[in-house]
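The values are calculated or read from the model by the stated rules, or taken from the named source; none is laboratory data. Note that the coordinates shown come from a computational prediction; the quantities given were computed from them, not determined experimentally. Counting neighbours? That spans all protein chains shown, and the Cβs are built from the backbone with ideal geometry, glycine included.
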Amino acid sequence: MTNYERIKNMRIEEMAALFDEMSGNCIDCTEEACNYNCPIYKGGRYCDPSDIKSWLESEVKEK
């Protein structure tokens, strides 16, 4: 299952929690210029839309 498929199948509460977690990663990346804990981060200061697309198309990694 891809990350995109997983998100599509989420309840709204799960999706809200995911967006909250992901936005926290963006804040960390902005402040520190990198966030190695973010599943989308590839380098540089900000994610590129192609990085996000790549993550959405990738298989879910269990925590």
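For the structure I just gave you, tell me whether Y46 is of a type in the set (F, W, Y) and loosely packed, with under 10 Cβ neighbours inside 10 Å. It would help to see each step written out before you state the result.
Numbers: of a type in the set (F, W, Y): yes; loosely packed, with under 10 Cβ neighbours inside 10 Å: no.
So Y46 fails the test.
Find the residue count for segment 9-50, including only residues that are under 17 Å from E62 (Cα atoms) and charged (D, E, K, R).
2
Read through the list (1) in a loop (DSSP other than H, G, I, E, B); (2) touching a residue at least 12 places away in the same chain (Cβ under 8 Å), then give the number of the only condition that N25 fails.
(1)
From the list R6, R45, which residue is on the phi < 0 side of the Ramachandran plot and either outside any loop (DSSP other than H, G, I, E, B) or of a type in the set (G, A, S) (or both)? Before you say what the answer is, go through the steps one by one.
On the way: R45 fails: either outside any loop (DSSP other than H, G, I, E, B) or of a type in the set (G, A, S) (or both).
Every option except R6 fails the conditions.
Take L18 and decide whether it is touching a strand residue (DSSP E or B) at 6+ places or on another chain (Cβ under 9 Å) and either part of a loop (DSSP other than H, G, I, E, B) or not small (G, A, S) (or both).
On the way: touching a strand residue (DSSP E or B) at 6+ places or on another chain (Cβ under 9 Å): no; either part of a loop (DSSP other than H, G, I, E, B) or not small (G, A, S) (or both): yes.
Spelling it out, it is not the case that L18 is touching a strand residue (DSSP E or B) at 6+ places or on another chain (Cβ under 9 Å) and either part of a loop (DSSP other than H, G, I, E, B) or not small (G, A, S) (or both).
Within segment 9-27, restricting attention to residues that are among the polar types (S, T, N, Q) and within 9 Å of the chain's Cα centre (by Cα), which residue is modelled with the highest pLDDT? Spell out how you get there, then give the answer.
Taking segment 9-27 and keeping what is among the polar types (S, T, N, Q), we get 9, 23, 25.
Then drop every residue that is not within 9 Å of the chain's Cα centre (by Cα), which leaves 23, 25.
Values: S23: 83, N25: 78.
So, considering only residues that are among the polar types (S, T, N, Q) and within 9 Å of the chain's Cα centre (by Cα), the one modelled with the highest pLDDT is S23.
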